[in-house]
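Presented below is the structure to which this report refers.
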Amino acid sequence: MIEARNLTKRYAGRTAVDGLSFTARPGSVTGFLGPNGAGKSTTMRLALGLDAPTAGTVTVAGRHYGRLPAPLREVGALLDARAVHGGRTVRRHLLGLARSHGIPARRVDEVLDAVGLEAAADRRAAGLSLGMAQRLGIAAALIGDPGVLILDEPVNGLDAEGIRWIRTLLKSLASEGRTVFLSSHLMSELELTADRIIVIGRGRLLADTDMRDFIERHSPDSTLLRTPEPSRMRALLEDHGAVVRPDPHGGLRVTGLATTAVGDLAREHGLALHELTPRRASLEDIYTAVTGDAVEYRGSGTAEDDKETER
Ligand code: ADP
């Protein structure tokens with residue numbers, strides 16, 4: 001369990017996290033979504049005791065991170081895959097972590113196997129691709145067999161096979177009863193992985209809900225229709241309160257009226273329909289609609305802006 005209550009972090013002149021409250025529960029993959037600069041990394045750093053909140057609290061496994069007696073056994077984290085001593089081999093790095101917590105060396109082989117890095121065990125960290133470094137970071141997070149996992153943009157740098165792999169891994173870790181909390185600035189990365197979703201923008205909570213509810217609540221009823229009499233159809237629909245606009249791929253796009261009502265209206269007025277298709281906004285559309293005005297403004301030349309342009 002991860003619990004944030006009125007969590008706030010201010011840096012000189014800038015509020016990175018603003019009165020944020022949420023709970024990430026065991027047994028679920030909770031996606032933490034927000035545009036770049038929204039405050040996701042800061043929230044995770046606060047949860048991991050790497051920074052102190054200006055106000056509010058965040059606990060993992062019921063305690064402040066700093067008060068956990070053996071943190072690696074409670075919480076596994078991947079914040080920055082490149083934050084590994086480059087001269088050390090993959091195995092040495094993991095062995096070092098294991099020793100610091102009295103974890104037996106055989107656990108290193110188990111986690112190497114779990115992330116598919118056995119063949120790279122003797123390679124130096126500096127020579128790993130970003131995708132392999134991400135796998136090493138996940139191996140390190142798993143070493144203490146923790147009940148809580150906190151992963152900052154773990155999909156970054158993984159290829160399509162790697163993305164499928166991490167999805168399966170995270171779901172199976174959650175199904176074992178762990179709390180899996182992962183951030184992303186891309187809705188598409190979370191839609192197939194997360195059961196729950198917490199959306200933030202400019203440090204504030206925008207949504208905290210079941211993934212399916214989120215999609216249903218935010219997707220407007222929309223219908224694509226084709227008719228040989230578009231002007232009459234359009235006038236009729238508008239008279240009944242629908243919003244009608246031409247679809248870029250042809251036909252009319254109707255919102256504000258259920259698909260069944262659109263079909264019934266056409267029949268009542270003797271209008272021919274050549275297509276009547278209910279459409280759901282894509283997750284990416286929904287995300288943009290929810291975070292729209294919460295996106296960081298570009299152009300001030302800060303490091304965050306650069307990061308945003310890169311991704
Ligand atoms: P995200 O992970 O969602 O991209 P961050 O948590 O990295 O967002 O950043 C949130 C905001 O806080 C950004 O505007 C960022 O510039 C600012 N910020 C983050 N860390 C620091 C810091 N150490 N000093 C000053 N500002 C910071």
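Points to keep in mind about this one:
- Of all positions in the stretch 95-114, at least one carries a residue that is within 26 Å of residue 189 (Cα to Cα), assigned to a helix (DSSP H, G or I) and open to solvent by 50 Å² or more (accessible area, probe 1.4 Å).
- Given (1) open to solvent by 10 Å² or more (accessible area, probe 1.4 Å); (2) near the ligand (Cβ under 9 Å from one of its atoms), number of the condition residue 34 does not satisfy: (1)
- Note on the stretch 66-90: residues that are more than 18 Å from residue 150 (Cα to Cα) and crowded, with 20+ Cβ neighbours inside 10 Å amount to 1.
The rows are residues; the columns are (1) within 16 Å of the ligand (Cβ to nearest atom); (2) assigned by TED's automatic domain parsing to the domain that holds residue 80; (3) under 8 Å from the mean Cα position of the chain (by Cα).
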{"site": "171", "(1), (2), (3)": "no, yes, no"}
{"site": "177", "(1), (2), (3)": "no, yes, no"}
{"site": "180", "(1), (2), (3)": "no, yes, no"}
{"site": "185", "(1), (2), (3)": "yes, yes, yes"}
{"site": "192", "(1), (2), (3)": "no, yes, no"}
{"site": "200", "(1), (2), (3)": "yes, yes, no"}
{"site": "203", "(1), (2), (3)": "yes, yes, no"}
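- Those residues of the stretch 215-264 which are without any contact (Cβ under 8 Å) to a residue 12 or more places away in the chain and either closer than 30 Å to residue 198 by Cα or among the basic types (Lys, Arg) (or both), in sequence order: 216, 217, 245
- At least 2 residues being more than 29 Å from residue 24 (Cα to Cα) and modelled with pLDDT of 95 or more is the threshold, and among the helices (runs of 4 or more DSSP H) wholly inside the stretch 204-311 those reaching it are 230-239, 259-268.
- Tabulated pairs, the stretch 1-20, first open to solvent by 90 Å² or more (accessible area, probe 1.4 Å), second within 13 Å of the ligand (Cβ to nearest atom), C-beta under 6 angstrom, 6+ apart or interchain: 10/54
- Those residues of the stretch 44-75 which are within 15 Å of residue 180 (Cα to Cα) and within 16 Å of the ligand (Cβ to nearest atom), in sequence order: 44, 47, 48
- Of the residues making up the stretch 129-153, those that are within 16 Å of the ligand (Cβ to nearest atom), in contact with a helix residue (DSSP H, G or I) (Cβ under 6 Å, 6 or more places away or on another chain) and open to solvent by less than 10 Å² (accessible area, probe 1.4 Å) number 1.
- For the stretch 225-239, a tally of residues being touching a Gly at 6+ places or on another chain (Cβ under 9 Å) and either surrounded by fewer than 18 Cβ atoms within 10 Å (Cβ to Cβ) or outside the structural domain of residue 270 (by TED's automatic domain parsing) (or both) returns 2.
The values are calculated or read from the model by the stated rules, or taken from the named source; none is laboratory data. On a predicted model such as this, the values are computed, not experimentally measured, just so you know. We place every Cβ from the backbone using ideal geometry, glycine too, and count neighbours over all the protein chains shown. We work out accessible area using only protein heavy atoms, side chains counted, and drop any ligands, DNA or RNA first. Shrake-Rupley method; radii C 1.70, N 1.55, O 1.52, S 1.80 Å.
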